[in-house]
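Step one of this worksheet: look at the structure below.
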2 protein chains.
Amino acid sequence: MSDHSYILAVAQMGPIQRSDNRASVIARQIEMLREAHARGARFVVFPELALTTFFPRWILSDAEKQEFYEHQMPNAATQPLFDEAARLGVGFYIGFAEKDGDRYFNTAIITDQAGKIILKYRKIHLPGTAEPIAGRDTHHLEKRYFEPGNLGFPVVRSAYGIAGAFICNDRRWPETYRMLSLQGAEIGFVGYNTPNDHTANFDFDNLTSFHNRLSLQAGAYQNAMWIAAAAKCGLEEGSSMIGDSMIVAPSGQIVAQALTTGDEVITAKVDLGMGRLYRKTIFDFARHREPAEYGLITTRKGMVVEV
Amino acid sequence: MSDHSYILAVAQMGPIQRSDNRASVIARQIEMLREAHARGARFVVFPELALTTFFPRWILSDAEKQEFYEHQMPNAATQPLFDEAARLGVGFYIGFAEKDGDRYFNTAIITDQAGKIILKYRKIHLPGTAEPIAGRDTHHLEKRYFEPGNLGFPVVRSAYGIAGAFICNDRRWPETYRMLSLQGAEIGFVGYNTPNDHTANFDFDNLTSFHNRLSLQAGAYQNAMWIAAAAKCGLEEGSSMIGDSMIVAPSGQIVAQALTTGDEVITAKVDLGMGRLYRKTIFDFARHREPAEYGLITTRKGMVVEV
């Protein structure tokens, strides 16, 4: 287990409208990168799909969707972000839509302090549907625009601890955190775009912020990991998305929390050794887990009622 | 998915001292059973090891420990509880130390409204150690007094929904809830004895109630299940144990919560259909889980760092 501390930042982003270009988005990110650095941060977490609007809310033709994907990373538009991060010596996590040949993924990367990509993750838990649901104005069509990630749940040893990346809906699935912690991850980075107005069931939508917080805190605690979560939020193309970006300690305690639904930097001091107490006691997996009893988790996809 | 509602009760228990006999304990339980029934409840959840003091805090000889185990259920001491429950038409969950031949388990049962046992579960996640930790006055020696459960995570179709049982430390492990929900469980019952003074680390002990709540709420939400949790609590043989018995909806919302650390009945109306919204959308396992990506959860017991 790593035993050093550092200042970590989350750079929450307000909305990105369809008419915003990459240059304006990167300029906002560079401004927050500089603020984070000035506040002592060595790493910055940006949101999911942080370069464009959340386009899976719409039905787009194959031609129309192309503008939202990156063919390589970095590229001409994003190079200034990588350059500034390297100049400042700050690593970062960022999410974007990726086109790889004729395949499409919802992707995030982690860079080191020299701006070099040291981990790539492709979102495994794609929410929503491939086809629109009749009667709705806005949709959640991630299954239409991406295929499930094919890189597993990788971790990397870095100056920021043994780190993993995941994306948005992944954070609701306890399997995500467990896959990372079983590989020794000490910290997980996650970006999200989470509307609180899209199910047409107000009792459900009303809990969106609570469910975000609950999932992040439980994942941190049950795996003795730090979790840093960055929202893209606010009113984007008519859809209202939650903020509540936060940094959660291995105890499950929230140690930093965004207060707005706009561009906002939050920071906290991350003590990577903090998880050790949990991993030696209540969550010493080697002593307490009983994987022989967990068979259905990997052999069964959906619920099956046999009683 | 079941589609009916009923009133559910949790019967939290204050301490049971070593000098208390089974008859006095059963009398307290019968009193709470009657109160629950009078408040409309059709099912009552009692705590873990609800017939005796939490004896794994001590080092006991083989002869000394015998008094704490039940050789059959029901037995002469507990028959009055079963009889009264049957008379009232109220099912219940209760935990006890079980001796089966020369084997010892931390066990819970569920009965139907006729007092018949319809599910037996033996605790799988045993916390603590088999040997005492030097320098401590009190211990947590469940691994000394019990072997891990050998009945898997069973579920049963009942008048109370498709139900599962688990015990205390099981609630901190997301695998527990997932094993139940993959079999269609709509509700889970859990009893616990959770000291908040035993690690000698105040920063840790200070979070005991929060961790209880966080685990129960996350387990309910992430599996779209009702969860009803009953504490044995208060100052028992010099050890302080948390109360905070609660009933949690499939949304993760706490709908009933104990306010004391003594004998206390709480109730809530359980709508078994409530989980359906979650199971058709965000937690439609058949559409969204990706078990092929979860291999380590069942093939790896402890953490292994390979980076």
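The values are calculated or read from the model by the stated rules, or taken from the named source; none is laboratory data. No experiment lies behind these values; they were computed from the predicted model shown. For neighbour counting, all protein chains shown are included, and Cβ atoms are generated from backbone atoms with ideal geometry for every residue, glycine included. Side chains are part of the model used for accessible areas, which takes the heavy atoms of the whole protein and leaves out ligands, DNA and RNA. Shrake-Rupley method; radii C 1.70, N 1.55, O 1.52, S 1.80 Å.
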Residue pairs meeting the criteria (Cβ under 6 Å; at least 6 apart or on separate chains; first under 17 Å from B:Arg178 (Cβ atoms), in the stretch A:273-293; second of a type in the set (Gly, Ala, Ser) and modelled with pLDDT of 95 or more): A:Phe283/A:Ala224; A:Phe285/B:Gly302
Subset of the stretch A:175-190 [small (Gly, Ala, Ser), at the interface with another protein chain (Cβ under 8 Å from one of its Cβ atoms) and touching a Phe, Trp or Tyr at 6+ places or on another chain (Cβ under 8 Å)]: A:Ser181
Selected residue (criterion: nearest to the other protein chains (Cβ to nearest Cβ)) from residues of the stretch A:216-235 that are at negative phi and out of contact with any strand residue (DSSP E or B) (no Cβ under 9 Å at 6 or more places or on another chain): A:Ala218
Hits in the stretch A:70-82 (condition: outside any loop (DSSP other than H, G, I, E, B), surrounded by fewer than 18 Cβ atoms within 10 Å (Cβ to Cβ) and in contact with a helix residue (DSSP H, G or I) (Cβ under 8 Å, 6 or more places away or on another chain)): A:Pro80
Odd one out for A:Pro195 among (1) open to solvent by 10 Å² or more (accessible area, probe 1.4 Å); (2) closer than 20 Å to A:His125 by Cβ; (3) at pLDDT 95 or above: (3)
Subset of the stretch A:143-171 (residues that are of a type in the set (D, E, K, R) and crowded, with 24+ Cβ neighbours inside 10 Å): A:Asp170, A:Arg171
B:Ala114 being surrounded by fewer than 22 Cβ atoms within 10 Å (Cβ to Cβ) and of a type in the set (A, V, I, L, M, F, W, C): yes
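Take the conditions over 25 Å from A:Glu236 (Cα atoms), of a type outside the set (A, V, I, L, M, F, W, C) and open to solvent by 10 Å² or more (accessible area, probe 1.4 Å) and apply them to A:Asp137. Does it pass? Break it down stepwise before answering.
Details: over 25 Å from A:Glu236 (Cα atoms): no; of a type outside the set (A, V, I, L, M, F, W, C): yes; open to solvent by 10 Å² or more (accessible area, probe 1.4 Å): yes.
In short, no.
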Single residue of the stretch B:199-215 satisfying the filter (more than 10 Å from chain A (Cβ to nearest Cβ) and modelled with pLDDT under 95) that is most open to solvent (accessible area, probe 1.4 Å): B:Phe202
Residue match in the stretch A:83-94 (condition: assigned to a strand (DSSP E or B) and β-branched (Val, Ile, Thr)): yes
Checklist (1) at the interface with chain A (Cβ under 10 Å from one of its Cβ atoms); (2) touching a residue at least 40 places away in the same chain (Cβ under 8 Å); (3) aliphatic (A, V, I, L, M) applied to B:Met303, failing item: (2)
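May I ask you to list the residues in the stretch B:113-137 that are in a loop (DSSP other than H, G, I, E, B), away from every other protein chain (no Cβ under 14 Å) and either within 22 Å of B:Met179 (Cβ to Cβ) or among the acidic types (Asp, Glu) (or both)?
Narrowing the stretch B:113-137 to residues in a loop (DSSP other than H, G, I, E, B): B:113-116, B:123-137.
In the following step, the residues that additionally are away from every other protein chain (no Cβ under 14 Å) were identified as B:113-116, B:132, B:134-135, B:137.
Passing the criteria: only B:Asp137.
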Among (1) closer than 30 Å to B:Leu277 by Cβ; (2) in contact with a Lys or Arg (Cβ under 8 Å, 6 or more places away or on another chain) - the single one B:Glu237 does not satisfy: (1)
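Which of the residues spanning the stretch B:244-255 are more than 16 Å from B:Met32 (Cα to Cα) and of a type outside the set (D, E, K, R)?
Listed by number, the residues that qualify are B:Ile247, B:Val248, B:Ala249, B:Pro250, B:Ser251, B:Gly252, B:Gln253, B:Ile254, B:Val255.
Let's see how each residue does on (1) polar (S, T, N, Q); (2) surrounded by 16 or more Cβ atoms within 10 Å (Cβ to Cβ); (3) more than 18 Å from A:Asn193 (Cβ to Cβ):
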{"site": "A:Ser2", "(1), (2), (3)": "yes, yes, yes"}
{"site": "A:Ser5", "(1), (2), (3)": "yes, no, yes"}
{"site": "A:Leu8", "(1), (2), (3)": "no, yes, yes"}
{"site": "A:Gln12", "(1), (2), (3)": "yes, yes, no"}
{"site": "A:Gln17", "(1), (2), (3)": "yes, no, no"}
{"site": "A:Arg22", "(1), (2), (3)": "no, yes, no"}
{"site": "A:Val25", "(1), (2), (3)": "no, yes, no"}
{"site": "A:Gln29", "(1), (2), (3)": "yes, yes, no"}
{"site": "A:Arg39", "(1), (2), (3)": "no, no, yes"}
For A:Leu60: the one exception among (1) open to solvent by 10 Å² or more (accessible area, probe 1.4 Å); (2) among the hydrophobic types (A, V, I, L, M, F, W, C); (3) within 21 Å of the chain's Cα centre (by Cα): (3)
